[in-house]
Protein chains: 2
Amino acid sequence: MTRKTDARARAIATAVRLFRIQGYTATGLTQILEESGAPKGSFYFHFPRGKTQLAEEAIDHYVEARIAVLRNISADTTGDALGFTRQIFSTFAAEMVASDFQYGCLMQNLANELAALDFELTKRVAHGFAESTEVIADHFKGCGFGLARASSTAAALVAALEGARTIARLERTPAIFEALADVSVQRWAAPKA
Amino acid sequence: MTRKTDARARAIATAVRLFRIQGYTATGLTQILEESGAPKGSFYFHFPRGKTQLAEEAIDHYVEARIAVLRNISADTTGDALGFTRQIFSTFAAEMVASDFQYGCLMQNLANELAALDFELTKRVAHGFAESTEVIADHFKGCGFGLARASSTAAALVAALEGARTIARLERTPAIFEALADVSVQRWAAPKA
DNA sequence: GCCATACTATGGTGATCACCATAGATACGT
DNA sequence: ACGTATCTATGGTGATCACCATAGTATGGC
């Protein structure tokens with residue numbers, strides 16, 4: 001039952017990377033196998049359901065990592081809505097700069113290719129967004145926001161984050177994150193309504 | 001010099017529709033021709049540079065239409081930053097509901113497939129976003145916003161709009177637009193800083 | 001030593017991809 | 001009516017797509 005090679009894990013990691021850069025449809029199995037160094041012969045041994053299964057596991061990994069990042073930021077800024085918002089924007093911006101603006105959000109890429117996705121995959125993408133929003137809403141609740149305001153602010157923040165990624169990739173500068181941080185911190189996440 | 005058929009125009013219109021629903025890579029030429037009813041034989045007569053040229057003309061059409069919508073809303077709400085913002089969100093939300101949440105933003109879809117795009121196409125996408133942002137910023141300036149605030153608010157609004165589209169497609173409800181409208185109207189576009 | 005499990009190599013399937021060469025049809029101005 | 005420009009049909013190119021059948025190797029427990 002124990003794994004003997006890391007070919008499987010490498011394939012998933014490479015899939016995450018390429019799906020983020022190129023999208024789901026634009027990324028072929030051959031490219032994933034080549035770039036990961038995983039052998040072509042054993043792909044359907046590791047992933048009997050093929051590309052779909054690989055994508056499912058890729059998004060699971062991505063969502064998990066993203067939630068962890070959000071939880072860390074939340075823990076670092078307990079009770080501080082402004083600091084939380086600011087740090088989310090700066091963290092996402094830093095990620096983009098580090099990758100030279102090549103990486104998009106895997107959930108967003110898949111969400112914009114819904115026509116190519118089966119139900120199971122769609123569900124996972126939706127769940128990833130819901131979970132992200134929930135973590136953020138929980139933080140705002142911990143800052144004394146009312147239920148409704150915490151939820152709508154969190155939803156707005158997630159949407160803004162996704163949109164910012166798209167814009168930043170095009171402009172190849174983190175300026176949009178700073179603009180959003182300014183606007184949001186001063187107006188959205190203000191401690192008083 | 002005068003056109004004799006509408007095959008060209010129909011191909012472009014269908015390309016816009018399919019690129020918005022499925023994305024650029026996922027949409028094949030054959031599907032575009034089939035669904036538009038345009039004859040396959042004359043595709044490279046109308047578009048000598050192939051799929052790339054078709055995409056260029058598709059995005060030109062899309063951007064033009066989007067700018068027109070924004071200008072109309074701007075004219076309808078002169079001097080009213082709150083009303084402007086509110087109406088933008090409600091218009092975009094209504095569009096999505098009308099299409100049963102099938103349509104994404106063409107610029108956003110292309111921006112998330114940058115790896116598959118040549119320089120010319122990338123430039124047009126970037127220009128589309130820049131122009132949208134400018135129209136919005138101009139409106140805010142007309143509401144008495146300072147230059148810097150008008151620009152950053154406009155950029156934030158565009159990003160939020162794009163992100164909202166992604167989320168709405170997944171959730172199949174316009175709730176995210178309402179959340180953003182609430183948060184934005186109350187905090188972003190407030191007449192005083 | 002033996003066998004089951006884990007893994008890989010090889011060589012293909014048919015389908016679809018964007019693209020194009022050649023030829024034929026249609027319609028307009030003059 | 002003749003020539004030219006606009007448009008379309010046909011049949012194909014090689015490349016790549018996801019996927020798979022078959023066979024083989026490696027490695028562990030017993």
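The values are calculated or read from the model by the stated rules, or taken from the named source; none is laboratory data. It should be emphasised that the depicted structure is a prediction, and the values quoted were computed from it without experimental measurement. Don't worry about glycine lacking a Cβ; one is built from the backbone with ideal geometry, like all the others, and counts go over all protein chains shown. All accessible areas refer to the heavy atoms of the entire protein, side chains included, with ligands and DNA or RNA removed. Shrake-Rupley method; radii C 1.70, N 1.55, O 1.52, S 1.80 Å.
Descriptive notes on the structure:
- Within segment B:100-193, trypsin sites (Lys or Arg not before Pro) in DSSP loop having at most 10 other beta-carbon neighbours inside 10 Å: B:192
- A crude spin-label estimate for the pair residue A:90 and residue A:76, with each label 7 Å from Cα along the Cβ direction, gives 0.8 nm.
- Pairing chain B with chain A buries about 3200 Å² of accessible area. This figure sums both sides and uses a 1.4 Å probe.
- Its residues counted as N, segment A:1-142 yields a C-alpha radius of gyration over 2.2 N^0.38 Å of 1.16.
- Residues in the protein assembly as shown average 43 Å² of solvent-accessible surface per residue, probe 1.4 Å, ligands and nucleic acids excluded.
- Shape category assigned to the protein assembly as shown from the gyration tensor of Cα positions, a/c cut at 1.5: oblate
- Gaussian network model of chain A, springs between alpha carbon atoms under 10 Å - residue of A:147, A:117, A:54 with greatest fluctuation: A:147
- Net charge of neighbours whose Cβ lies under 14 Å from the Cβ of residue A:109, counting Lys and Arg as +1 and Asp and Glu as -1: +4
- Percent breakdown of C-alpha pair distances by 10 Å bin, ordered from the shortest bin, for segment B:81-155: 17, 36, 35, 12, 0
- Pairs of lysine residues in the protein assembly as shown - Cα separation under 21 Å, sequence separation of 8 or more or cross-chain: 9
- Segment B:51-187, accessible surface, carbon-and-sulfur percent (1.4 angstrom probe): 53
- DSSP-loop trypsin sites (Lys or Arg not before Pro) across segment A:15-73, with at most 14 other Cβ within 10 angstrom: A:49
- In plain terms, the chain from residue B:67 to residue B:173 could stretch by 35.7 nm, reckoned as 0.36 nm per residue minus the Cα-Cα distance.
- For residue B:170, the solvent-accessible surface with a 1.4 Å probe is about 20 Å², rounded to the nearest 10.
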